[in-house]
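What follows is one structure encoded as structure tokens, with my remarks underneath.
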Amino acid sequence: MIAKETHLKDCFVIEPTVFEDARGYFFESFNKAKFLELTGLEVDFVQDNQSKSSKGVLRGLHLQTGDFAQAKLVRVIEGAVLDVCVDLRKDSDTYGQHLSVVLTAANKKQFFVPKGFAHGFVVLEDDTIFSYKCDEYYNKNSEAGIAYNDSTLNIDWQLPMETLILSEKDQALPSFKTYSDGN
């Protein structure tokens, strides 16, 4: 397993060691001791989530706040996504910056998104299965988010904006500035 820290502190792209032969493949998708050794971060995942989506579905940018803030380890089981996170830690040198990573079933990469970040993804292939581990339980009252198309963030979602499929909730999320001013 290789953990590559990104320009956003505590965000890591994880590349597992994959063992392949005529039967298929095997890899360890998570090992707490190795994760700590490679990243220096101690996490205790308590909830796993999975979604299946069609090409063009955009989910995000979401986060949990307060005591229910979540760190996530995300990966694609089938298909492909462009995964995006935004640093919302006001005391961070990279506050307001974002990072995009392509995660696919073929590359088997994982992305660790720490607490204090908004997170979202756009689906690049039909029937994509997305999986993520969270270190805190979901709490509806702690939900927050930022508009995917915020002009300050200027995220390139790699698909034409008019083809994106969003929930009503995601279409109504506030701008980065509005969110920041309120927090």
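One table, with the values for the structure above:
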| read-out | value |
| --- | --- |
| Residue in the stretch 22-48 that is nearest to ILE129 (Cα to Cα), counting only those that are part of a loop (DSSP other than H, G, I, E, B) and without any contact (Cβ under 8 Å) to a residue 12 or more places away in the chain | ARG23 |
| Test: residue in the stretch 167-179 that is modelled with pLDDT under 95, aromatic (Phe, Trp, Tyr), closer than 14 Å to HIS62 by Cβ and buried (at least 19 other Cβ atoms within 10 Å of the Cβ) | yes |
| Selection status of LYS34, basic (Lys, Arg) and either surrounded by 15 or more Cβ atoms within 10 Å (Cβ to Cβ) or farther than 30 Å from THR152 by Cβ (or both) | yes |
| Residues of the stretch 106-121 classified as more than 9 Å from the chain's Cα centre (by Cα), under 17 Å from SER142 (Cβ atoms) and of a type in the set (Gly, Ala, Ser), total | 1 |
| Selection status of GLU20, over 14 Å from the mean Cα position of the chain (by Cα), loosely packed, with under 15 Cβ neighbours inside 10 Å and over 20 Å from GLU136 (Cβ atoms) | yes |
| All positions within the stretch 12-21 that are within 15 Å of LYS133 (Cβ to Cβ) and either of a type in the set (Val, Ile, Thr) or part of a loop (DSSP other than H, G, I, E, B) (or both) | ILE14, PRO16 |
| Exclusive hit being at pLDDT 95 or above, in contact with a strand residue (DSSP E or B) (Cβ under 9 Å, 6 or more places away or on another chain) and charged (D, E, K, R), set LYS9, LYS4 | LYS4 |
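The values are calculated or read from the model by the stated rules, or taken from the named source; none is laboratory data. Since this is a predicted model, take the numbers as computed values, not measurements. All Cβ positions, glycine included, derive from the backbone under ideal geometry; neighbour counts span all protein chains shown.
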